[in-house]
Amino acid sequence: MSVIGHSPLAGASGAAGGADPLYVDDVFSTFLYTGDNTTGRDIVNGIDLSGEGGLVWVKRRATNSEDHVLLDTERGPNKFLMSNKTNSENTSGGPITAFNSNGFEVDNNGYVNGNNDTYVSWTFRKAPKFFDVVTYSGTGSAQNISHSLGSVPGMIIIHCRDGTHDWEVYHRETGATKSLHLNKTDAAATDSTVWNNTTPTSSVFTVGTSSNVNQNGHGYVAYVFAHDEQSFGTNGDEAIIKCGIYTESSSAQEINLGFEPQFLLYKGASAAGNWRLRDVMRGMSVTYGKQLEADSNQVEGVENKFLPTSTGFIAPNAWYGSGVQLIYMAIRRSHKPPAAGTEVFAVDTKSAASANTPQYTSSFPVDFV
C-alpha cells in the first residue's frame, strides 16, 4: 500500500565502501505530495542534496497535462530541463528554488506546486557506484568526459543546455554504437556520432560529433547511472541499481534482479514505444498501478501490468510485442534497518480521502494496514 509521500530516515554519512554503510534510502527517494501554491515550501524526503548533490525529477500526476521538469545541483536551482521536450535550459525562475540537506524547496509554480495538484518527485543523490551529474562544454570533435561514478555506467542521459536538441540515452545493453532519445518513442538506432562507438569506462564516457551531445561552444548536462555495483547495505555487498534487458514473450515472465525494486524506467529497445516510469509509491501491482511517460506531458494513467517480487519483477506478456527487446533501469526498494520502532510502526486515524488515495497515512511507506 502506498501513501502520499514519506520522510525516509536520515542518510548515512559515509560513501559506498566507507566506514558507514550506505543504503538505497540514503541516495534515492520517490516522494508524493499535494501542491498548495505557496512559495518557499520544503519537500522533506531525507536526501542530502546541498551536501552531496544530485538530481530532482518532478511530474504533475493528474488534473491537467504538464511537462516533466529536471533540476540538478551542478546547474543550480531555477534552471530546469523537460524530458518530453527538445527545449534548451529554462532559467526564467522556479520551480525549485533551493536544494536542502533533507530534500528541496519549491516555488508557487504549476510545474511543482499548483494548488491541490498531485505530484511525484524522484530524487537521485550523487554517490559513487550509484549516480553522478556531470556538466561539460561541447567542442565539435570527439572527446572524453570525466565522471565520478567509480564504475562503468549502465546508463547515461544527456541534454544540451542551450539550443534545440534531442535527449540522447546510452544503455549498456544497446551499446555505444546505438542511441535512444528520452523525448521520443523511437527504437534504438545505429549512430556513431553520438557515443563515437566507444564504450564508457569507470572514469570517462565518450561523446562524438553529434550536436545533441557535443556542439562546439554549447553546454551539456549528463546524468550517469551505475549498474549492479554490490557496494551497499549493512555489509557493503548489495546492489541497489541495475540496467538490464529482456525479450518479451507470449507469456508473463519473471525478471531476476536479485532484489525487490521500488522504481522502474523502461522502454522497448528494438521497437518504438514510450519511456515509462513506475514506482511502488504510486502503486505497482497486478491489480493497481500508475505510470507516467518521460517522453510525454500527459497525466498519469493506469497500468496494471508489472508486479514486484522479492527478487525482481513479473513482466507482462507482449507489452510492446512478442520478441521485442525491452531495456530497463531498476532501483532497489528501501530496506535500511530502523533505529526505533516508530520508524516502522504507527497508530493512525482514518482520513477523509477518496477511494483512489490512502485513508491512513504515516511518516514512512506503509506495507500493511
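The values are calculated or read from the model by the stated rules, or taken from the named source; none is laboratory data. Just so it is clear, the model here is predicted, and its values are computed rather than measured. All Cβ positions, glycine included, derive from the backbone under ideal geometry; neighbour counts span all protein chains shown. Accessible surface is based on the protein model in full, side chains and every heavy atom, while ligands, DNA and RNA are left aside. Shrake-Rupley method; radii C 1.70, N 1.55, O 1.52, S 1.80 Å.
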Check your understanding: Non-local amide H neighbours of Thr97 (under 5 Å, H modeled in plane, Pro and chain starts lacking H): which ones?
Key -> Glu105, Val106, Asp107
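Would you compute, from DSSP H runs of 4+ residues alone, the mean residue ellipticity of the chain at 222 nm, taking -39500 (n - 2.57) per run and dividing by the full residue count, rounded to the nearest 500? Don't skip to the end; give the middle numbers.
Details: 4 runs with 16 residues, N = 369.
Calculated from helices alone, the mean residue ellipticity at 222 nm is -500 deg cm²/dmol.
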Revision key, fill the gap. Computed over the chain, protein heavy atoms only, probe 1.4 angstrom, the accessible area per residue in square angstrom equals 38 Å²
Review point. Give me the log10 of I(q) over I(0) for region 233-295 at q = 0.18, 0.29 Å⁻¹, as the Debye formula computes it from C-alpha points; what are the numbers?
Key: -0.85, -1.42
Review point. Rg/Rh for region 128-191: what does it come to with C-alpha atoms and Rh from Kirkwood?
Key: 0.95
Study note, to complete from the structure: Checking Thr185, Thr206, Thr91 against a Gaussian network model of the chain (alpha-carbon springs below 10 Å), the top fluctuating residue turns out to be Thr91
Point to revise | Paramagnetic label zone (point 7 Å from Cα along Cα-to-C-beta, Ser88; backbone N under 16 Å) in region 137-152 | key: 137-139
Review point. Label point 7 Å out from Thr39 along Cα-to-Cβ: which residues of region 112-143 have amide N under 18 Å?
Key: 112-115
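Given an 8 Å cut-off on Cα distances and at least 6 residues of separation, report the relative contact order of region 83-130 as a percent.
Numbers: 28 pairs, mean separation 9.9, N = 48.
Over region 83-130, the number comes to 21 percent.
Starting from 0.36 nm per residue, how many nanometres of slack lie between Ala98 and Asp186 once their C-alpha separation is accounted for?
Values: separation 88, 0.36 × 88 = 31.68 nm, distance 3.49 nm.
Using 0.36 nm per residue and subtracting the Cα-Cα distance, I get 28.2 nm.
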Point to revise | Calculated over region 66-204: convex hull of Cα atoms, volume per residue (Å³) | key: 123 Å³
Check your understanding: When the Kirkwood radius is taken over all Cα pairs of region 132-284, what Stokes-Einstein diffusion coefficient follows at 20 °C and 1.002 mPa s, in µm²/s?
Key -> 130 µm²/s
Study note, to complete from the structure: Expressed as a percent, the accessible surface of the chain that is carbon or sulfur, using a 1.4 Å probe and the full set of protein chains, is 44 percent
**Study point:** Most fluctuating residue given options Gly76, Gly217, Gly244, as computed from a GNM of the chain linking Cα atoms under 10 Å
**Key:** Gly217
Exercise for review: Describe numerically, in nm with one decimal, the distance between label points set 7 Å from Cα along Cα→Cβ at Ser310 and at Arg61.
Suggested key: 2.9 nm
Revision key, fill the gap. Shape descriptors of region 218-264 over alpha-carbon atoms, Rg and Dmax in angstrom, are 14.9, 47
Study note, to complete from the structure: The pairs in Lys85/Lys178; Lys129/Lys350; Lys305/Lys336 lying past 32 Å Cα-Cα in this model are Lys129/Lys350
Point to revise | Candidates Asn108, Asn45, Asn116: whichever shows maximal mean-square fluctuation once the chain is modelled as a Gaussian network with Cα springs under 10 Å | key: Asn116
Practice item. Please express the shape of the chain as an equivalent ellipsoid: the semi-axes are the square roots of 5 times the eigenvalues of the C-alpha gyration tensor, given largest first in whole angstrom. Key: 30, 24, 22
